[in-house]
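Scroll down for the structure; my scribbles are underneath it.
The values are calculated or read from the model by the stated rules, or taken from the named source; none is laboratory data. On a predicted model such as this, the values are computed, not experimentally measured, just so you know. Here Cβ is always computed from backbone atoms with ideal geometry, including for glycine, and neighbour counts include all displayed protein chains. Ligands, DNA and RNA are excluded from the accessible area calculation, which covers all protein heavy atoms including side chains. Shrake-Rupley method; radii C 1.70, N 1.55, O 1.52, S 1.80 Å.
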Amino acid sequence: MGAQQSVNAGKAKVDVHVDLTHMLCEALLLPPLRSSSVAISQIVGRISLKHPSLFGSSEKLDVILDKGINDSNVVVAFRRPRPEWLSQQSFVIQHSMTPEIAVHGFPADNFTRSGSRGVNLNRLSLGVELNEPTTSNWTSGTSVKFEHIRPVNNDGRSIARDHDGFPLTCSGNLHDNMIILKQESGYADVKDNSFLRVNFQMEQGLPLVPKSLTFNRVKCAVSKGIKLGPTFLVTSLTGGSIVGDMAPYQAFAIGGLGSVRGYGEGAVGSGRLCLVGNCEYTVPLAKHLEGSLFMDCGSDLGSARHVPGNPALRQGKPGFGVGFGYGVHFNTDLGQIRVDYAMNAFSRKTFYFSINSGTGT
């Protein structure tokens with residue numbers, strides 16, 4: 001929910017932001033699940049501290065804390081001033097704790113919700129990011145980071161195996177270590193009556209430390225929007241692939257808001273491959289009010305069996321899903337209020353309610 005307050009403390013600026021995105025099932029409320037579909041679990045508070053000149057020479061320090069009911073994320077970024085024509089360099093430390101629902105969660109209520117089996121990921125990373133100067137419609141960035149990932153249970157204790165006794169890490173130990181070289185490129189061409197956006201990401205695991213994971217993970221997303229009279233049509237296609245060493249938590253999860261609506265988070269499936277298509281047609285209904293029709297579909301392309309431990313197959317996830325529905329969007333000064341109604345292939349219906357202030361979370 002887009003509530004934000006800024007406070008100036010000397011040269012530092014503190015931003016406090018609260019975001020709310022939740023879904024409500026049409027069916028009667030079931031016993032509480034620690035899942036992505038419990039409305040209260042989607043409340044996220046953000047505290048952001050920004051200092052424009054930490055040591056008096058325009059060094060920038062950003063500290064961001066996101067805290068939800070079941071997860072947390074802390075990012076500390078330090079940026080040194082450099083000429084605009086050179087790559088902008090940042091030193092970043094990040095720590096997060098998140099429930100591993102998308103891969104290890106179990107589908108409930110005909111796949112409209114995903115419940116937790118008590119697996120959480122404690123992730124610590126530190127590295128350097130280089131952002132190239134923007135040229136025309138292109139953006140580019142490169143980063144090198146070290147990641148330490150440790151599965152824990154709901155009590156915070158390290159665990160090596162899931163509920164069924166299968167390994168949670170690639171190494172089979174209580175943690176995985178990896179050094180990742182990441183390249184990301186983006187293209188955006190926005191016009192009055194259309195837009196085209198392309199995003200390409202590639203991660204390469206480097207074998208520079210003992211038992212470090214060696215892999216190549218690629219993801220590409222393309223979206224196209226075109227104005228048809230007073231209406232607007234947006235289509236998008238996202239695909240991904242990972243080869244080499246792999247832990248289950250690295251699988252591409254399919255299902256949920258931003259993927260295939262009508263399904264819980266990861267309830268469609270998870271695999272070494274993924275392909276997700278989305279289409280939404282928006283029609284103006286009144287001033288500041290829009291209606292939309294949408295259809296989403298996604299598939300793991302039969303790659304679920306190649307994920308260590310076969311978590312998707314053990315949970316009975318179908319591997320392919322289609323969702324469709326309609327919604328209304330109301331544009332206000334606080335942001336866009338969206339109410340979407342989606343139905344999956346099992347004729348189960350879900351309401352999605354969100355308020356997007358346009359502020360990054």
Report task. Tell me, yes or no, whether the stretch 293-306 has at least one residue that is modelled with pLDDT of 95 or more, among the aliphatic types (A, V, I, L, M), out of contact with any Ser or Thr (no Cβ under 6 Å at 6 or more places or on another chain) and part of a loop (DSSP other than H, G, I, E, B). Result -> yes
Report task. Could you tell me whether any residue of the stretch 278-290 is open to solvent by less than 20 Å² (accessible area, probe 1.4 Å) and either touching a residue at least 24 places away in the same chain (Cβ under 8 Å) or not in a strand (DSSP E or B) (or both)? Result -> no
**Report entry** Hits in the stretch 233-260 - residues which are open to solvent by 60 Å² or more (accessible area, probe 1.4 Å) and part of a strand (DSSP E or B)
**Finding:** LEU237, VAL243
**Report entry** Selection count where residues are touching a residue at least 12 places away in the same chain (Cβ under 8 Å) and either open to solvent by less than 40 Å² (accessible area, probe 1.4 Å) or closer than 26 Å to GLU132 by Cβ (or both), scope the stretch 187-230
**Finding:** 30
Query raised in the report: Has the stretch 153-160 got at least one residue that is in contact with a Leu (Cβ under 6 Å, 6 or more places away or on another chain) and closer than 25 Å to ARG79 by Cα?
Result: no
Query raised in the report: Does GLY358 fit the bill of being part of a loop (DSSP other than H, G, I, E, B), on the phi > 0 side of the Ramachandran plot and either touching a Gly at 6+ places or on another chain (Cβ under 7 Å) or at pLDDT 95 or above (or both)?
Result: yes
Report task. Could you give me the residue pairs with C-beta distances under 6 Å whose first residue belongs to the stretch 78-104 and is touching a residue at least 24 places away in the same chain (Cβ under 8 Å) and part of a loop (DSSP other than H, G, I, E, B), whose second residue is hydroxyl-bearing (Ser, Thr, Tyr) and open to solvent by less than 70 Å² (accessible area, probe 1.4 Å) wherever it lies, and which are 6+ apart or on separate chains? Result -> PRO81/SER58; GLU100/TYR249
Query raised in the report: Can you tell which of PHE195, PHE146, PHE200 is in a strand (DSSP E or B) and over 21 Å from the mean Cα position of the chain (by Cα)?
Result: PHE195
Report summary line: Of the listed residues (GLY269, GLY239, GLY262, GLY258), the one being small (Gly, Ala, Ser) and farther than 30 Å from LYS227 by Cα is GLY269
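Check whether at least one residue in the stretch 112-122 is outside any loop (DSSP other than H, G, I, E, B) and among the basic types (Lys, Arg), and report yes or no.
Yes, the stretch 112-122 contains a residue that is outside any loop (DSSP other than H, G, I, E, B) and among the basic types (Lys, Arg).
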Requested in this report: Identify the residue in the stretch 170-188 that is of a type in the set (S, T, N, Q) and either in a strand (DSSP E or B) or at pLDDT 95 or above (or both) and, among all such residues, is nearest to LYS224 (Cα to Cα).
Outcome: SER185
Query raised in the report: Does the stretch 100-109 contain any residue that is open to solvent by 50 Å² or more (accessible area, probe 1.4 Å) and under 20 Å from the mean Cα position of the chain (by Cα)?
Result: yes
Query raised in the report: Tally time: how many residues in the stretch 316-340 are touching a Ser or Thr at 6+ places or on another chain (Cβ under 9 Å), buried (at least 17 other Cβ atoms within 10 Å of the Cβ) and not acidic (Asp, Glu)?
Result: 11
**Report entry** Residue satisfying condition, being open to solvent by 60 Å² or more (accessible area, probe 1.4 Å) and within 17 Å of THR238 (Cα to Cα), within set LEU313, LEU293, LEU301
**Finding:** LEU301
Requested in this report: Collect the residues in the stretch 121-145 that are of a type in the set (S, T, N, Q) and in contact with an Asp or Glu (Cβ under 6 Å, 6 or more places away or on another chain), keeping them in residue-number order.
Outcome: SER125, ASN137, SER140, SER143
Query raised in the report: Which pairs have Cβ atoms under 6 Å, sit 6 or more apart or on different chains, and link a residue in the stretch 127-143 that is over 12 Å from SER185 (Cβ atoms) and open to solvent by less than 70 Å² (accessible area, probe 1.4 Å) to one that is part of a loop (DSSP other than H, G, I, E, B) and hydroxyl-bearing (Ser, Thr, Tyr)?
Result: LEU130/SER87
Report summary line: The condition from (1) open to solvent by 50 Å² or more (accessible area, probe 1.4 Å); (2) over 21 Å from the mean Cα position of the chain (by Cα) that GLN183 misses is numbered (2)
